[in-house]
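The values are calculated or read from the model by the stated rules, or taken from the named source; none is laboratory data. All values derive from a computational prediction rather than experimental measurement. Counting neighbours? That spans all protein chains shown, and the Cβs are built from the backbone with ideal geometry, glycine included. With ligands, DNA and RNA removed, areas are computed over all heavy atoms of the protein, side chains included. Shrake-Rupley method; radii C 1.70, N 1.55, O 1.52, S 1.80 Å.
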Amino acid sequence: MRLVKHKTPTGRPHRVAELLRERLALILLFKCADPRLKEVTLTEVEMSPDLRQAKVFYVTRENVDRDLVQIALDKAQGFIKAEVARENLFRLMPEFHFLPDPGLDRAARLEELLKEAGVTADSIKKDDS
């Protein structure tokens, strides 16, 4: 009988992703000149198992145009890669894919649907009691 070892989210890609998220956030906040990038909050980074691809999920404030932020992120990608390379985190630089975080949009949509249905947080708490 052979045991199958399952990858846990605490493996190397997960640790590297968390470190990369912190570094990218600092780069966007303190080193990028574009003011649109100051409105970005990085929520998560997902690394591929071979550490060559990084999906960087972000959210923006409500009054900020997401399309303009995406354009600014795409434009600043070369600078961001150069800053990450300067910190010597990787032997091979991963490809960054900046994506809006769909989680908050889903939560807002769900809240909107619950309001339309007349369900409130108080009624949910009463039902759970």
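Screening the candidates E44, E111, E62, E39 for the property of being under 14 Å from the mean Cα position of the chain (by Cα) and farther than 30 Å from G11 by Cβ yields one hit, E39.
Residues checked against (1) at positive phi; (2) at pLDDT 95 or above; (3) surrounded by 15 or more Cβ atoms within 10 Å (Cβ to Cβ):
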site	(1), (2), (3)
K5	no, no, no
T8	no, no, no
R15	no, no, no
L29	no, no, no
A33	no, no, no
L37	no, no, yes
T41	no, no, no
P49	no, no, no
K55	no, yes, yes
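Within the range 68-87, residues that are more than 16 Å from F30 (Cα to Cα) and aliphatic (A, V, I, L, M) sit with their Cβ atoms under 8 Å from residues that are open to solvent by 10 Å² or more (accessible area, probe 1.4 Å) and in a helix (DSSP H, G or I), at 6+ positions apart or across chains, in these pairs: L68/R36; V69/R36; V69/E39.
Scanning the range 68-87 for residues that are among the charged types (D, E, K, R), open to solvent by 50 Å² or more (accessible area, probe 1.4 Å) and over 16 Å from the mean Cα position of the chain (by Cα) turns up K75, R86, E87.
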